[in-house]
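One structure is given here, and the rest of the page talks about it.
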Amino acid sequence: MKLADHKATLSFSNGAPSMELPVYAGTIGPDVIDIRKLYGQTGMFTYDPGFLSTASCQSAITYIDGDKGELLYRGYPIEQIATQCDYLDTCYLLLNGELPNEGERNGFHKLILNHTMVNEQMQFFMRGFRRDAHPMAVLTGLVGALSAFYHDSTDINNPEHRRIAAIRLIAKMPTLVAMAYKYGVGQPYMYPRNDLSYAGNFLRMMFGTPCEDYVVNPVLERALDRIFILHADHEQNASTSTVRLCGSSGTNPFAAIAAGVACLWGPAHGGANEACLNMLEDIQASGGIAKVGEFMNQVKDKNSGVKLMGFGHRVYKNYDPRAKMMQETCNEVLGELGLENDPLFKLAKELEKIALEDDYFVQRKLYPNVDFYSGIVQRAIGIPVKLFTGIFALARTVGWIAQLNEMIGDPEYKIGRPRQLFTGSPRRDVPTLIKR
C-alpha cells in the first residue's frame, strides 16, 4: 500500500478530541481511510452493513470500475483476455500475476489436464446423496470431501501444499460437476480424457456416454471456455469474501473452497442465471412473447413485487463488460444449433430489446448482465438449469484459490472478526423461579 500525502480527520460533536486517520492510495480506484486504530483510540466501531464502503483487504488480482463498466484481471481488460486467451491461460494469470510464455503455457496446460481424474472412492461417496438432490448440495459435499482424499495437501500455511491443492481443485472441478450431473440423471460417469481441452473434456464428461464416441463441437467448446473466463474472478464478492474469511482461520484449502461453493449457491449471487431462466420459463408458461409487455409493466410497478432477473448489476452502473462478450457468444451458439426461433430464446431476445430501448430501463441502466446471456447459452448447450450455479463454481474456483493464496501471503492478514452494533436487551437478571 502507498501512503497518501494527506490524512482524514474524524471529529465528534460531543466534544471528544478529533482523530487523524491515515489514507492509502491504490494503483487505481478509490483511496481508503485506515481505521484500524479507531476502536483503540475512541472505543467505537464503524457501521457498514454489507461492507459496501469497507475494504477488507488489499489485493492485486482483479479490479472493477462499475461506473466505467471496466473489469481487469491482473491489469488486463476482460475483453482482451476473453478473445486472446483460453481459460487455463486465465488461470495461470490469476494465480501467478503474469500471462505464461509458450513453455509455461504448455507445462501448465499439461499439468492441469493430467490431474482431472478423482479418487475412485468418490463414486461410492456419491451414492450417499439422493438422486434428486440439487447439484450444488452434492458439489458442496464433494469439494469438502476432497480434503479426506487428498490430505497430503491440506496445510494452508505451506506454500507447496497450496500450490498442489490449487492444481487439484482446478483440474478436478469439471470432473466433480459432471459426476454430480450424471448421478442425477442415472447415467454412467465418463472418465476425463487428457487429449481434449479443458472445456472440451467437460462437454464430453457431461454429454458423452460409453455407447458411442463423443465429438466435441468447437463452437460450444469455445462458448463454454468463454463462460469460464468471464466468471473466473470478480473481486471481493460474497463468495470470495467467504473463502477469505473461512481460510483466515487456517482451515484447509478444500474446506475454504467448499465454503465458497455454498455461498455461491444463493440466488442473489451464483444462482442469478438460474433465477433468470426460471423467470423466462414462467413468462413463457403464462403466454410467451404476447405477455412480455404486460410483464415489463409489472416490473415498472414497485408495488407488484415482480423482479426483472438478469438485468442490472450491483457493481456495474454501466454496461457489464462481460455481458457484451456473452451476447456475441450467445448469438454464435444459437446460430450454430439452429435455435434462433426457439420460443424461449425468442422471448429472451424480446426482453433484451425492450430493456435496451425503453427509457425506464435505459435511465436506470438496467442493461442485460452476464447472467442473462450465460443462462441462455448454457440452456442451448443442454446444461440443465439446476446445474448453472455448478458451472459458475467450476469457473470461479481459480479466483477463490488466487484470493486465498494472496491473503495467506499477506503479512498483515489476521483471522476475520467483524464487529457489530448490539441492539438487544442490556444486562439483566434471571427472575426468581416459582417453586411448585
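When the dipole is taken about the Cα centre of the chain, and only Lys, Arg (+1) and Asp, Glu (-1) are charged at their Cβ, what size is it in debye, to the nearest 20? Before the final figure, lay out each step's value.
On the way: 44 positive and 47 negative charges, 382 e Å.
Rounded to the nearest 20 debye, it is 1840 debye.
Name the residue from Ala60, Ala16, Pro30 whose Cα lies farthest towards the positive end of the charge dipole of region 1-99, charges +1 on Cβ of Lys and Arg and -1 on Cβ of Asp and Glu.
Positive-end residue among those listed: Ala16.
Working with all protein chains in place, sort Ser239, Ser304 by solvent-accessible area computed with a 1.4 Å probe, largest first. Show your work: numbers first, answer last.
Working: Ser239 0, Ser304 45 Å².
The ordering from most to least exposed comes out as Ser304, Ser239.
I'd like to know which of Ile401, Ser374, Ala290 lies farthest towards the positive end of the charge dipole of the chain, counting +1 on Cβ of Lys and Arg and -1 on Cβ of Asp and Glu.
Projecting each Cα onto the dipole axis, the largest value belongs to Ile401.
Cut-off under 17 Å on the C-alpha distance; same-chain residues fewer than 8 positions from Lys414 excluded. Which lysines are left, in chain and number order?
Filter leaves Lys37.
Counting only C-alpha contacts under 8 Å and six or more residues apart, can you give the relative contact order of the chain as a whole percent? Write out the running numbers ahead of the final one.
Numbers: 580 pairs, mean separation 82.6, N = 436.
Worked out over the chain, it gives 19 percent.
Provide the gained length on full extension for the span Tyr191 to Arg427, in nm with one decimal, where the gain is 0.36 nm per separating residue minus the Cα-Cα distance.
Values: separation 236, 0.36 × 236 = 84.96 nm, distance 6.05 nm.
That pair, Tyr191 and Arg427, stretches by 78.9 nm at full extension.
Which net charge results for the neighbourhood of Ile283, defined as the other residues with beta-carbon distances under 12 angstrom from its beta-carbon, given Lys and Arg at +1 and Asp and Glu at -1? Numbers along the way, then the final one.
Values: positive: Lys291, Lys346; negative: Glu281, Asp282, Glu294, Glu350.
In short, -2.
Go through Ile78, Leu277, Leu203 and say which Cα lies farthest out towards the positive end of the charge dipole of the chain; charges sit on Cβ, +1 for Lys and Arg, -1 for Asp and Glu.
Going by the Cα projections, it comes out as Leu277.
What length, rounded to one decimal in nm, is gained on full extension from Thr209 through to Asp342, with 0.36 nm per residue of separation minus their alpha-carbon distance? Working shown, then result.
Working: separation 133, 0.36 × 133 = 47.88 nm, distance 2.64 nm.
Additional length available on full extension: 45.2 nm.
List the aspartates and glutamates whose alpha-carbon lies under 14 Å from that of Lys317, not counting same-chain residues fewer than 8 positions away?
Those aspartates and glutamates meeting the cut-off are Asp65, Asp67, Glu70.
Which percent of the accessible heavy-atom area of the chain goes to carbon and sulfur, probe 1.4 angstrom?
Numbers: 11460 of 22330 Å².
Answer for the chain is 51 percent, counting heavy atoms of protein chains only.
Quick one: accessible area per residue over the chain, 1.4 Å probe, rounded to a whole number of Å²? Each step should come with its number before you reach the end.
Working: 22330 Å² over 436 residues.
Here the per-residue accessible area is 51 Å².
Could you tally the net charge around Leu387, taking each other residue with its Cβ under 13 Å from the Cβ of Leu387, Lys/Arg +1 and Asp/Glu -1? The partial results should precede the final answer.
On the way: positive: Lys182, Arg379, Lys386; negative: Glu274.
Local charge sum for Leu387: +2.
How about region 8-92: which chymotrypsin sites (Phe, Trp or Tyr not before Pro) there lie in a loop by DSSP and see at most 13 other Cβ atoms within 10 Å? It would help to have the intermediate numbers written out before the result.
Working: sites: Phe12, Tyr24, Tyr39, Phe45, Tyr47, Phe51, Tyr63, Tyr73, Tyr87, Tyr92; in loops: Phe12, Phe45, Tyr47.
When the chymotrypsin sites (Phe, Trp or Tyr not before Pro) of region 8-92 are filtered for loop state and at most 13 Cβ neighbours within 10 Å, Phe12, Phe45, Tyr47 remain.
Considering only Cα-Cα distances, which of the following residue pairs are longer than 26 Å: Lys7/Lys365; Lys182/Lys324; Lys300/Lys353; Lys324/Lys386?
Numbers: Lys7/Lys365 35 Å; Lys182/Lys324 32 Å; Lys300/Lys353 16 Å; Lys324/Lys386 24 Å.
Pairs exceeding 26 Å: Lys7/Lys365; Lys182/Lys324.
May I ask you to compute the full-extension gain from Asp358 to Arg130, defined as 0.36 nm times their residue separation minus their alpha-carbon distance, rounded to one decimal in nm? Before the final figure, lay out the partial values.
Details: separation 228, 0.36 × 228 = 82.08 nm, distance 4.54 nm.
Stretched out fully, the Asp358 to Arg130 stretch lengthens by 77.5 nm.
Mind checking which lysines have their C-alpha under 21 Å from Lys110, skipping anything on the same chain fewer than 8 residues away?
Qualifying lysines at Cα under 21 Å: Lys172.
Given the C-alpha centroids of region 118-148 and region 203-232, what is the distance between them in whole angstrom?
22 Å
Taking 1 over the mean of 1/r across every pair of different Cα atoms in the chain, what Kirkwood radius in Å do you get? Could you put the intermediate results ahead of the total?
Values: mean 1/r = 0.0420 Å⁻¹.
Answer for the chain: a Kirkwood hydrodynamic radius of 23.8 Å.
State to the nearest 20 debye the size of the charge dipole of region 332-436 about its Cα centre, where the only charges are +1 on K and R beta carbons and -1 on D and E beta carbons. List each step's numbers first, then the result.
On the way: 15 positive and 14 negative charges, 267 e Å.
So the magnitude is around 1280 debye.
Determine the order of Cys330, Cys85 by accessible area, beginning with the largest, at a probe radius of 1.4 Å. Present the calculation step by step, with values, prior to reporting the outcome.
On the way: Cys330 0, Cys85 30 Å².
Output order, biggest surface exposure first: Cys85, Cys330.
The values are calculated or read from the model by the stated rules, or taken from the named source; none is laboratory data. In this text, all values refer to a predicted model and were calculated from it rather than measured experimentally. Positions of Cβ are generated from backbone atoms using ideal geometry, with glycine treated the same way; all protein chains shown enter the neighbour counts. Ligands, DNA and RNA are stripped out before the accessible areas are found, and what is left, the full protein with its side chains, is counted by its heavy atoms. Shrake-Rupley method; radii C 1.70, N 1.55, O 1.52, S 1.80 Å.
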